[in-house]
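Okay, so here's the structure we're looking at.
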Amino acid sequence: MHYTTKEEVHNRAKDSLGLSMDKIYETSGVYDTNVKNKNYIGDAFELWMGVAKNSRAEADLPEVGVELKATPYKILKNGQYSAKERLVLNIINYMNEANATFETSSFSHKDKLMELAFYHHNTNKPKNLWTFDEAILFSFPKKDLQIIKHDWEIIHQAILDGKAHELSEGMTDYLGACTKGASKKSVKQQPFSPIMAKQRAYCLKAGYMTSILRNYVFGDQQDPAIQKHKFELNAQKDKKKVGSQPEQIATSEELATSSLDEIILKRLNSFKGLSVAELKSKLNINVTGTPKQLNSILIARMLNLKGDSANEAEEIQKADIQIKTISLKSNGKIKESMSFPAFKFNEVVNQSFEDSDFYDNLTKRFLFPVFKRLKNQKPSDDEIIFLGAKFWYLPEKDLEIIKGVYDDTAQTLRNGVQLEVRNGRVYNNFVPASANRVSHVRPHTSQTQYVQGKYSNELPTPATWINRPDNDEKFDPSGRYMTTQCFWLNSTYLDEQITDITEL
């Protein structure tokens, strides 16, 4: 199939909507397919578009400069659409990319214009009956491209510095450098260091894809860079009212001279040294609530946002920045470790670290606003001081240590957890904080449960009990259930990450 314009490409993609994968393969004359093939959906889209399977450096449709991508979404319990994963783009060739500029980079050459087809990753439906539900002809909105260019420059500088082996998705905002190939053998040469670096690909982060999905694909927002409707329907469809847009932290003019990180930190750190009472007065905040709610409002106002949470800002959503307020005790030490969402035991056993939700959360970019209590018990607003803020990401070397904790947790679950009762309390043999391995495992709730219930999780291998109480209603004799657990980042480790703020 030959295309002469990008409009023809987009209209062809729109014609695929609603057709099952079976129908697309059948229409393309392909009948011997394997739904377990990880490229099953992507191959179907390329077949529909008349493109032979390839790994070319240029766009899939070089005659019109359009790259083809099929990408999944999921529907959350609250009914919201969310990207299932990051959108992986092209492999980074460290040797070649070192000599490139942003304009001549492999990213710009291959991915500046894409036809994106979205499908629902519906585990309750056979994959051969899945459909493409929407398609857009996508190029980057002007402000997004400014942020992405800065992201690319960070990745490029790491290559020039001989630090490609230290690259992490958490270093950047919208455009990431994600691992490609889970094996330790998936390594590549880099030009300015003898250290082999993990194979990585450019990717658009899941938060960025979720924002595009909610606002432009299934929402009403419009941008000249994004074409949703068939081209012949433009005149009619463009009359549709543009939906409300989220608040923005930075303008395009500001991004022309400063990075998003610089803009955010400049605003927040201009309030450094003020007490919460002074911040409330200066920012005209007259609310009462929990410390968590108040901190959220304070941070939003310091960023010149009108809403009550900076998490609602466009840039925070697209970059999937995790804002984690850190509270210090009067001695300058962090009050508590940082928790991550509870995990299911069977998922840890059956998923590699790199495929886990824990890994996805760890490799995000964090923003740490830091407050210090001058006294530990019930401090007043005058006795809590804002020390400043910093961006942070987990270094690759520490990620390897946490991988060991994850793998050990999986092995403990396979072998069967050891549960021992001492002095009326149940202990287990998961990795504790005292092991000083960056991360540890423990429950998030104070509620314990060793039978099937709200606070427990089924074990893949029955636990082994030592001194199990003679109470079958509270302690299942089969050992099949135990209290749900979480991964945590150790407070002592986090203390080390913010010394540049606490030692000022």
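Filtering the stretch 340-365 to residues that are surrounded by fewer than 18 Cβ atoms within 10 Å (Cβ to Cβ) and either more than 16 Å from the chain's Cα centre (by Cα) or under 26 Å from residue 273 (Cβ atoms) (or both) leaves 342, 344, 346, 347, 349, 350, 351, 352.
I'm trying to understand the selection: among the residues of the stretch 38-49, which are loosely packed, with under 13 Cβ neighbours inside 10 Å and either on the phi > 0 side of the Ramachandran plot or at pLDDT 90 or above (or both)? Selection gives 39 alone. Answer with yes or no whether residue 163 is modelled with pLDDT under 95 and charged (D, E, K, R). The answer is no for residue 163. Restrict the check to the stretch 490-500 and report whether at least one residue is exposed (fewer than 12 other Cβ atoms within 10 Å of the Cβ), under 18 Å from residue 342 (Cβ atoms) and hydroxyl-bearing (Ser, Thr, Tyr). No, the stretch 490-500 has no match at all.
In the stretch 311-349, of all residues being assigned to a helix (DSSP H, G or I) and touching an Asp or Glu at 6+ places or on another chain (Cβ under 9 Å), the one that is nearest to residue 151 (Cα to Cα) corresponds to 319. Scanning the stretch 271-303 for residues that are surrounded by fewer than 13 Cβ atoms within 10 Å (Cβ to Cβ) and of a type in the set (S, T, N, Q) gives 284, 286, 288, 290. Within the stretch 255-271, being hydrophobic (A, V, I, L, M, F, W, C) and part of a loop (DSSP other than H, G, I, E, B) holds for 256, 271.
Is there a residue being at pLDDT below 95 and either of a type in the set (S, T, N, Q) or under 21 Å from the mean Cα position of the chain (by Cα) (or both) anywhere in the stretch 422-441? Yes, the stretch 422-441 contains a residue that is at pLDDT below 95 and either of a type in the set (S, T, N, Q) or under 21 Å from the mean Cα position of the chain (by Cα) (or both).
Residues in the stretch 386-416 that are closer than 25 Å to residue 272 by Cβ and of a type in the set (Phe, Trp, Tyr): 386, 391, 392, 393.
A Cβ distance below 6 Å, combined with a sequence gap of six or more or placement on separate chains, defines the contacts here; from the stretch 243-271, residues that are in the same structural domain as residue 386 (by TED's automatic domain parsing) and within 18 Å of residue 322 (Cβ to Cβ) reach residues that are assigned to a loop (DSSP other than H, G, I, E, B) and of a type in the set (Asp, Glu) in the pairs 260/173. Per the listing 492, 461, the residue uniquely touching a residue at least 12 places away in the same chain (Cβ under 8 Å), touching a strand residue (DSSP E or B) at 6+ places or on another chain (Cβ under 9 Å) and of a type in the set (Ser, Thr, Tyr) is 492.
Being touching a Lys or Arg at 6+ places or on another chain (Cβ under 7 Å) and touching a residue at least 24 places away in the same chain (Cβ under 8 Å) narrows it down to one of 316, 321, so name that one.
321
Considering every residue within the stretch 272-295, establish whether at least one is of a type in the set (Gly, Ala, Ser), touching a residue at least 40 places away in the same chain (Cβ under 8 Å) and not in a loop (DSSP other than H, G, I, E, B). Scanning the stretch 272-295, I find at least one residue that is of a type in the set (Gly, Ala, Ser), touching a residue at least 40 places away in the same chain (Cβ under 8 Å) and not in a loop (DSSP other than H, G, I, E, B), so the answer is yes. Any chance the stretch 113-121 includes a residue that's crowded, with 17+ Cβ neighbours inside 10 Å, more than 18 Å from residue 213 (Cβ to Cβ), among the hydrophobic types (A, V, I, L, M, F, W, C) and in the same structural domain as residue 205 (by TED's automatic domain parsing)? Scanning the stretch 113-121 turns up at least one residue that is crowded, with 17+ Cβ neighbours inside 10 Å, more than 18 Å from residue 213 (Cβ to Cβ), among the hydrophobic types (A, V, I, L, M, F, W, C) and in the same structural domain as residue 205 (by TED's automatic domain parsing). Taken together, the criteria exclude residue 147 from residues that are touching a strand residue (DSSP E or B) at 6+ places or on another chain (Cβ under 7 Å) and modelled with pLDDT of 95 or more.
Restricted to the stretch 413-447, and to residues there that are polar (S, T, N, Q) and surrounded by 14 or more Cβ atoms within 10 Å (Cβ to Cβ), the residue that is farthest from residue 489 (Cα to Cα) is 418. Scan the stretch 79-88 and tell me whether some residue there is under 26 Å from residue 18 (Cα atoms), free of Cβ contacts under 8 Å to residues at least 12 places away in the same chain and surrounded by fewer than 16 Cβ atoms within 10 Å (Cβ to Cβ). Scanning the stretch 79-88, I find at least one residue that is under 26 Å from residue 18 (Cα atoms), free of Cβ contacts under 8 Å to residues at least 12 places away in the same chain and surrounded by fewer than 16 Cβ atoms within 10 Å (Cβ to Cβ), so the answer is yes. Of all residues in the stretch 1-25, those being at pLDDT below 90 and not in a loop (DSSP other than H, G, I, E, B) number 0. Condition check for residue 243 on (1) crowded, with 18+ Cβ neighbours inside 10 Å; (2) modelled with pLDDT under 95: one failure, at (1). Restricting 372, 329 to residues that are surrounded by fewer than 17 Cβ atoms within 10 Å (Cβ to Cβ) and charged (D, E, K, R) narrows the list to 329. Here residue 338 does not qualify as touching a Leu at 6+ places or on another chain (Cβ under 7 Å) and either assigned by TED's automatic domain parsing to the domain that holds residue 410 or within 20 Å of residue 263 (Cβ to Cβ) (or both).
Conditions tested, residue by residue: (1) aliphatic (A, V, I, L, M); (2) closer than 28 Å to residue 317 by Cβ; (3) in contact (Cβ under 8 Å) with a residue 60 or more places away in the chain; (4) in contact with an Asp or Glu (Cβ under 6 Å, 6 or more places away or on another chain).
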| site | (1), (2), (3), (4) |
| --- | --- |
| 175 | yes, yes, yes, yes |
| 181 | no, no, no, no |
| 187 | yes, no, no, no |
| 191 | no, no, yes, no |
| 197 | yes, no, yes, no |
| 201 | yes, yes, yes, no |
| 204 | yes, yes, yes, no |
| 211 | no, yes, yes, no |
| 214 | no, yes, yes, no |
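The values are calculated or read from the model by the stated rules, or taken from the named source; none is laboratory data. Just so you know, these numbers come straight off a predicted model, no measurement behind them. Neighbour counts are summed over all protein chains in view; Cβ atoms, including those assigned to glycine, are modelled from backbone coordinates with ideal geometry.
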